[in-house]
Amino acid sequence: MERENTMNMKEMTEKCSPVLQKKPIKRQYSGATRKLEHPLKENKSEKKRALQTDSGLKRRRIENSNSAQTQFEDVALQQHNNIPQHNNNSSTSFRRPSIQNSDRYLQDFRIEQKNGGTVLAPNILGATITGGVTINQKTTQYMVSQMSRSTSNKNGNQDSLGLTKAKGGQKSNLSDFLKSVIDVAVESKNEHLDLFNCFLFGISCDSSRCLLEGLLPRLEDSSLEDHKKVTKYIKSLRRKVLSPERCFSLVRCIVELKDRSFLKMPNLERTRTKKPLTLFQCTILAFQFVMSDTDHDEFVLRKFNITLEGFQRFSPAITCFRKAMLKGSGFTEKHCDVLVPFLTSPNSHLTHLDLSHNSLGLSALKQLSRAFCDPKCQIQILNLSHNDLHGQDMELIKDVLSGPNVNLKILDLSDNHLEDEGVKILSAGLRSAKCHLEVLKLSGCQIKGDLKLLSSLKASLRELDLQYNDLGNIMEKKVNQLKHKLPSLRIYTGGVCSHQPGLYKYAVELTFDPQTSNEYLNLNENNTVAVRKRERQQLPANAERFDKCNQVLCCQPLLGRCFFAVDVIGTGVHVGVACKGIKRKGANDTVRLGRNKMSWCLCFSKNVSVAHDKKTESLTKPLQTESTRKLCVFLDREAGCVSFYRLSPDSELELLYIFDADFPEDQEIYAAFSIQEPDSSVSLRQASL
């Protein structure tokens, strides 16, 4: 047999892909091992055994050439262990490839989807590898024979081909055989067969038979009908409980069969679909992101209606993004279970993680902190604001700052209940030599005057945000002194807030502006209640009044961070905020709340929805069934967000929706209301516990 027939697939892939090139593993002998005195004789004997094995494989193929099944059963399901590896001296050594190497191998043999390629790349033919050997039909034959060689694992289990025969019996057609192959892979406890399944499905295509001519006997019938049956069978497996990686591999198998109809799915964003995405849709969404040739900067979870199970299916795609914007997405401890392994993945591109407005609490923070302490975690920007964290929880953050991971540069802990206790704990982490934090945001954390924080600051810190904290006179003086000591450090203070906990510290008292009120809206004496009347009032005309739309603004502008509460009775009510420059005359989209770029609102009609710039999105969370609905609105102009909350009977705030708003810098923002149905009303109430 010629020398090219002694080249196995692993060596060829390493030659064709520089990523996979590795130095051959030399055989090592310990004192207890017999020394290799005659390497040439051993090399000859190994060549002889390889030739005998190849001859046996050829004989079996010729004997069974009349069976369609034999063509593909000879290409058995290859296990990852004990793949022979030849070096330039023809001495045999063994290597156990990792899952990561397997993924690289698959990528190396994958052609662009638009060309409809298979795992076996046509451009491998004609390539010259080490020793001047050219890859031709004979080397391709040997490559597949090496892949089809059955091996038993250490536990004495049957080889993959044996398992397939035992499960499916003697199949008479290609589709039945491929179904049995899938069943074996699905029932295996790990993913060691998934990669080879993709290879097997690829060579079963008609376009691949030309490459394997001489190895696989010709078939008069096309494999198209068999592939349709197999594709339908794979799609039926989505009802089973499978791991995200296993589902991903099954989708790859469908792609290898050149069926891309499922990839042409409609827009899956939340604005286009009311129901949560199915698990299969989540798998397809992940596949589209992973296999796309374009770089993805950020993933915004709130754009998609994904359940916890759906997020688990989608999770393999998380590492493709640089930013994971999970803000206000209802992220829980169970979501963190899914996310944490990907934060420390060596293939992760994540550097920016936004978990704000999720009320994670201590249990979720414990899981996250273990990942953040890992040096493999590449997160540089971490936002944990509005997460119901307390002072004692900062022990975990201290461990992150003083741990072996030095990648974290920006940390936002704003609007958590840290108080002075939490600041003292954080100070210990900031003093650590391993802390390389550059930006620390502690606004709205109810800090009163802990001086240890200021004494622990290092020159590496560029920005410290202490806004919306009652620092006291002594703390203010120390801050001013520190500004002179560390001129490169920017310290932000100020902001009006009260001593109430949570968002209630930003509560403002509002009144309706009678100059803007439509003539069908009746205001009470204190201008705190607006009722839609059936009769039109006679009010003096002015430039500020809404003349056609039943709308009204408040008198007080919303500056910085503001929080207000309202009681809504009836339907046809819109509650939100609007720029002062919103149009007042007429009834077109430039005037109506939620129909232009100048307003953001929550709408009560038959269903509850949110609206901005003609885009409407229905909410899945139910509101109170009683006649009066208690709502709260939080605006953070600097952060560019408008949040809507439901106020429960026990005064707990439940997040309904967050707008990422791009407020015009030259426009003041006002609370805005629209009341369309007669007898519906809005009452402004004092936001306090």
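The values are calculated or read from the model by the stated rules, or taken from the named source; none is laboratory data. Since the structure is predicted, the reported quantities are computational estimates derived from the model, not experimental observations. Note that we place each Cβ from the backbone using ideal geometry, even for glycine, and neighbour counts take in every protein chain shown. Ligands, DNA and RNA are stripped out before the accessible areas are found, and what is left, the full protein with its side chains, is counted by its heavy atoms. Shrake-Rupley method; radii C 1.70, N 1.55, O 1.52, S 1.80 Å.
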- Item | Subset of the stretch 408-427 (residues that are part of a strand (DSSP E or B) and over 17 Å from Gln500 (Cβ atoms)) | Ile410, Leu411, Asp412
- Item | the stretch 289-311, subset in contact (Cβ under 8 Å) with a residue 60 or more places away in the chain and touching a Lys or Arg at 6+ places or on another chain (Cβ under 9 Å), residue farthest from Leu250 (Cα to Cα) | Arg302
- Query: Just wondering, is there one or more residues in the stretch 574-585 that are surrounded by fewer than 21 Cβ atoms within 10 Å (Cβ to Cβ) and part of a strand (DSSP E or B)?
  - Reply: yes
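Rundown of residues vs (1) touching a Lys or Arg at 6+ places or on another chain (Cβ under 7 Å); (2) within 30 Å of Gly494 (Cβ to Cβ), yes/no style:
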| residue | (1), (2) |
| --- | --- |
| Asn524 | no, no |
| Thr528 | no, yes |
| Pro540 | no, no |
| Cys549 | yes, no |
| Gly576 | no, yes |
| Cys579 | no, yes |
| Ala587 | yes, no |
- Message: Going by what's in this entry, would His417 be described as surrounded by fewer than 20 Cβ atoms within 10 Å (Cβ to Cβ), in contact (Cβ under 8 Å) with a residue 60 or more places away in the chain and under 21 Å from Ile491 (Cα atoms)?
- Response: yes
- Message: Looking only at strands (runs of 3 or more DSSP E) that lie completely in the stretch 428-539, which have at least 1 residues being open to solvent by 50 Å² or more (accessible area, probe 1.4 Å)?
- Response: 439-441, 490-492, 521-523
- Message: Just to check your reading of the model, which residue among Ser356, Ser292, Ser329 is out of contact with any helix residue (DSSP H, G or I) (no Cβ under 7 Å at 6 or more places or on another chain), crowded, with 21+ Cβ neighbours inside 10 Å and not hydrophobic (A, V, I, L, M, F, W, C)?
- Response: Ser356
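A quick yes/no check of all residues on (1) acidic (Asp, Glu); (2) under 20 Å from Phe321 (Cα atoms); (3) open to solvent by 10 Å² or more (accessible area, probe 1.4 Å); (4) touching an Asp or Glu at 6+ places or on another chain (Cβ under 6 Å):
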| residue | (1), (2), (3), (4) |
| --- | --- |
| Gln367 | no, no, yes, no |
| Lys376 | no, yes, yes, no |
| Leu384 | no, yes, no, no |
| Asn387 | no, no, no, no |
| Gly391 | no, no, no, yes |
| Glu395 | yes, no, yes, no |
| Val406 | no, no, yes, no |
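Condition check ((1) out of contact with any strand residue (DSSP E or B) (no Cβ under 7 Å at 6 or more places or on another chain); (2) of a type outside the set (Asp, Glu)) across all residues:
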| site | (1), (2) |
| --- | --- |
| Asn550 | no, yes |
| Leu553 | no, yes |
| Pro557 | no, yes |
| Cys562 | no, yes |
| Val566 | no, yes |
| Ile569 | no, yes |
| Ala578 | no, yes |
| Lys583 | yes, yes |
| Asp589 | yes, no |
- Query: Out of the stretch 563-573, which residues are over 27 Å from Cys497 (Cα atoms) and in a strand (DSSP E or B)?
  - Reply: Ile569, Val573
- Task: Return yes when Cys632 is at pLDDT 95 or above, under 21 Å from Ala661 (Cα atoms) and either in a loop (DSSP other than H, G, I, E, B) or in contact with a helix residue (DSSP H, G or I) (Cβ under 9 Å, 6 or more places away or on another chain) (or both) and no when it is not.
- Result: yes
- Note on the structure: Within the stretch 335-353, restricting to residues that are more than 23 Å from Ser414 (Cβ to Cβ) and among the hydroxyl-bearing types (Ser, Thr, Tyr), the one that is surrounded by the fewest Cβ atoms within 10 Å (Cβ to Cβ) is Ser345
- Every listed condition ((1) in a loop (DSSP other than H, G, I, E, B); (2) at pLDDT below 95) holds for Glu617 save (1)
